[in-house]
């Protein structure tokens, strides 16, 4: 994965830099509502629906609604990436509000669609499964220069514009009180506004071992573990839903931190 991160950075050097994704801040006050953070979905629609049902039951027990924060990586690897995006674009059957953040897989998918010849390695990250979920057979595609126009026609015919808009406009971080939600983590001892988008979407070490060192508790995904992982000032909740069937939900309410 370290080699892949270097590859992504090299690609950024030769391409026109993309605008920074939004970084949301809801203020310093600890929220009066519950926040439910969902780990990496990776095309697992059934597991996502099951997680939302657990959240809805918990909200009913609390007698109040809350905010559902998804930590990114909605696509790749699992079989139903397109269906997951469509689900997230549809208002919740339970009436709660979702706030979806951007993961590295979501970001690189958009880059691949715009310039596939420069992001071919995405196919090895589970991109073939994503294309298949849109009805595109990746083995029948011509990625040469002469096939570029036909390729763009296939993408345009099969990937709905609303999916592109959704993925292109995902924010990259959310701060609520003393909680900071990001996909991957943060570079240690670097202020949030000085972190690059690639830091927040791709980092593992030294963040996992050392933590961020900034204020508050970082809630993140990106690094799959059999169980939620804990480190200095952080909780990781990517439990590899696409191969374990376990999509973790972390509940944050008042002084309580629990898994549902």
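A few notes on this one:
- Counting the residues of segment 109-125 that are touching a residue at least 60 places away in the same chain (Cβ under 8 Å), in contact with a helix residue (DSSP H, G or I) (Cβ under 7 Å, 6 or more places away or on another chain) and either assigned to a loop (DSSP other than H, G, I, E, B) or within 19 Å of residue 44 (Cβ to Cβ) (or both) gives 2.
- For segment 89-99, filtered to residues that are more than 20 Å from residue 133 (Cα to Cα) and not in a loop (DSSP other than H, G, I, E, B), the residue that is farthest from the chain's Cα centre (by Cα) is 97.
- Just one residue in the set 50, 58 is under 18 Å from residue 259 (Cα atoms) and over 19 Å from the mean Cα position of the chain (by Cα); that residue is 58.
- Considering segment 148-244, the qualifying helices (runs of 4 or more DSSP H), each wholly inside and each with 1 or more residues that are crowded, with 18+ Cβ neighbours inside 10 Å and within 18 Å of the chain's Cα centre (by Cα), run over 161-168, 197-202, 207-210, 241-244.
- Summed over segment 58-88, the residues that are in a helix (DSSP H, G or I) and within 25 Å of residue 198 (Cα to Cα) give a count of 5.
- Residue check for residue 30: under 25 Å from residue 178 (Cβ atoms) and either touching a helix residue (DSSP H, G or I) at 6+ places or on another chain (Cβ under 8 Å) or free of Cβ contacts under 8 Å to residues at least 60 places away in the same chain (or both): no
- Test set (1) over 18 Å from residue 81 (Cα atoms); (2) free of Cβ contacts under 8 Å to residues at least 40 places away in the same chain - residue 174 fails condition number: (2)
- Filtering segment 223-251 to residues that are closer than 19 Å to residue 105 by Cα and touching a strand residue (DSSP E or B) at 6+ places or on another chain (Cβ under 7 Å) leaves 223, 225, 236, 237, 247, 248.
- Tally of residues being in contact with a strand residue (DSSP E or B) (Cβ under 9 Å, 6 or more places away or on another chain), in a helix (DSSP H, G or I) and modelled with pLDDT under 90 across segment 1-57: 2
Results for (1) buried (at least 21 other Cβ atoms within 10 Å of the Cβ); (2) at pLDDT 95 or above; (3) in contact with a strand residue (DSSP E or B) (Cβ under 7 Å, 6 or more places away or on another chain), shown as yes or no for each residue.
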| residue | (1), (2), (3) |
| --- | --- |
| 76 | yes, yes, no |
| 91 | no, yes, no |
| 101 | yes, yes, yes |
| 115 | no, no, no |
| 122 | yes, yes, no |
| 127 | yes, yes, no |
| 131 | yes, yes, no |
| 137 | no, yes, no |
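The values are calculated or read from the model by the stated rules, or taken from the named source; none is laboratory data. This is a predicted model, so every value here is computed, not measured. No Cβ is skipped: glycine too gets one built from the backbone with ideal geometry, and neighbour counts run over all protein chains shown.
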